[in-house]
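Have a look at the structure below, then the notes.
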Amino acid sequence: MVWWEARPSVRARNIRHAALPVVVIDPGHGGGDPGAIGPGGLAEKGVNLAIALAAAEALAGQANPILTRRRDSAVSLTARANLANVRKAVLFLSVHANGSAHPRAFGTETYHYPGSRLGATLAAMIQRRLVATIGRGDRGVKQADFYVLRETRCPAALAEVLFVTNPAESKLLNDPAFQRRAGRALARAVVDYLRQLR
């Protein structure tokens, strides 16, 4: 498995990235696991990847963002968490689009592992930035025993940007301009978190 680092060049990595905090960004699902499916067949996995790539691009120069995947490939939950642990990441952010049997379900929510104080802080910053940028509805910060939140040794959060199963939100999620906006919002939240570590 080849992990992707958002970097302009090997020279730039050697000069600058060694001093930058490692941030692992995890586009959820991929390969044979499409995630939730929206109207018209929009697969969550592609949306997650586009937003994660935009977030990594926006973070370049402010952190050393590493993606768990950079294309439509299968990555195990174990590999996703292990990457953050091996690279000694300061945080782990999993990017998702929500799904529901009820097409009217809408809005943004962010999860952290139960009892993780720093995870809760990270999730709150992510939720605040996403809601301010998207404005579709604040479903709040929640706790969940998701594998990637439990098995990462650094603070971790999982963002459900919008509902791919909601027709209006599916259109947004499929829009490259929106994907870039959402990615930049996630990047700003990561920077917010990194600043409070100083």
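When residues in the stretch 34-77 are screened for being more than 22 Å from Phe163 (Cα to Cα) and without any contact (Cβ under 8 Å) to a residue 24 or more places away in the chain, 1 of them pass. When we screen Ala97, Ala50, Ala81, Ala58 for residues that are under 12 Å from the mean Cα position of the chain (by Cα), in a helix (DSSP H, G or I) and among the small types (Gly, Ala, Ser), the only hit is Ala50.
This table checks each residue for (1) touching a residue at least 40 places away in the same chain (Cβ under 8 Å); (2) crowded, with 17+ Cβ neighbours inside 10 Å; (3) closer than 21 Å to Gly46 by Cα.
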{"site": "Asn85", "(1), (2), (3)": "yes, no, no"}
{"site": "Lys88", "(1), (2), (3)": "yes, no, no"}
{"site": "His96", "(1), (2), (3)": "yes, yes, yes"}
{"site": "Ser100", "(1), (2), (3)": "yes, no, yes"}
{"site": "Gly107", "(1), (2), (3)": "yes, yes, yes"}
{"site": "Tyr111", "(1), (2), (3)": "yes, yes, yes"}
{"site": "Arg128", "(1), (2), (3)": "yes, yes, no"}
{"site": "Lys142", "(1), (2), (3)": "no, no, no"}
{"site": "Cys154", "(1), (2), (3)": "yes, yes, no"}
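So Gln196 passes all but one of these: (1) assigned to a helix (DSSP H, G or I); (2) modelled with pLDDT of 95 or more. Which condition number does it fail? (2) is the only condition that Gln196 fails.
Pairs meeting the criteria (first residue in the stretch 15-33 and over 12 Å from Ala43 (Cβ atoms) and acidic (Asp, Glu), second residue surrounded by fewer than 12 Cβ atoms within 10 Å (Cβ to Cβ) and at pLDDT 95 or above, beta carbons under 6 Å, at least 6 apart or on different chains) are lacking. Considered as a group, the residues in the stretch 35-44 that are assigned to a helix (DSSP H, G or I) and surrounded by fewer than 24 Cβ atoms within 10 Å (Cβ to Cβ) include one that is modelled with the highest pLDDT, and that residue is Gly41.
Looking at Val23, is it crowded, with 19+ Cβ neighbours inside 10 Å, over 30 Å from Arg198 (Cβ atoms) and either aliphatic (A, V, I, L, M) or at pLDDT 95 or above (or both)? Step through it out loud before you land on a result.
Details: crowded, with 19+ Cβ neighbours inside 10 Å: yes; over 30 Å from Arg198 (Cβ atoms): no; either aliphatic (A, V, I, L, M) or at pLDDT 95 or above (or both): yes.
No: the conditions fail for Val23.
The selection criterion, being assigned to a helix (DSSP H, G or I) and among the small types (Gly, Ala, Ser), does not hold for Ala105.
The values are calculated or read from the model by the stated rules, or taken from the named source; none is laboratory data. Because the structure is a prediction, the values reported are computed rather than measured. All Cβ positions, glycine included, derive from the backbone under ideal geometry; neighbour counts span all protein chains shown.
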